[in-house]
1. Tally up the residues in the range 28-46 that are buried (at least 16 other Cβ atoms within 10 Å of the Cβ) and among the charged types (D, E, K, R), please.
2. Looking only at the range 57-74, count how many residues are under 17 Å from residue 33 (Cβ atoms) and either of a type in the set (A, V, I, L, M) or at pLDDT below 90 (or both).
3. What are the residues in the range 52-69 that are part of a helix (DSSP H, G or I) and surrounded by 10 or more Cβ atoms within 10 Å (Cβ to Cβ), if any?
4. Please list, ordered by first then second residue, the pairs with beta carbon atoms under 6 Å, 6 or more apart or interchain, first in the range 37-59 and under 18 Å from residue 69 (Cα atoms), second among the acidic types (Asp, Glu) and assigned to a helix (DSSP H, G or I).
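The values are calculated or read from the model by the stated rules, or taken from the named source; none is laboratory data. As the structure is a prediction and not an experimental result, all values here were calculated from the model. All Cβ positions, even for glycine, are placed from backbone atoms using ideal geometry, and neighbour counts span all protein chains on display.
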Amino acid sequence: MAAPVPDPFKKPRPSSRPAQPLARPLEPLLTIKQAAELLQVSEKTIRRRLAEGGLVAHRVGAQWRLAPRDVADYLRDGRLP
């Protein structure tokens, strides 16, 4: 007798285990303008650093966001002029 063929339209049953919380809560992301104000540079400087790869940003919809931790690392490493 052949093995039964799984039904492709059958929805998987939800897990009986509760969802695990994130290891740490997400911190609010900064806009380019907020990062520029924080670092006391122009928005153009932030955009330039993003293009050069010096700063890390994440695209959220049509906008770019920077994690405060990444901005702090950038500042700590002394990579700003």
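1. 0
2. We begin by selecting, within the range 57-74, every residue under 17 Å from residue 33 (Cβ atoms); these are 57-68, 70-71, 74.
From what's left, either of a type in the set (A, V, I, L, M) or at pLDDT below 90 (or both): 57, 60, 62, 66-67, 71, 74.
Qualifying residue count, the range 57-74: 7.
3. Here is the first cut: in the range 52-69, the ones part of a helix (DSSP H, G or I) are 52, 68-69.
Within the range 52-69, 68, 69 meet the criteria.
4. 56/70
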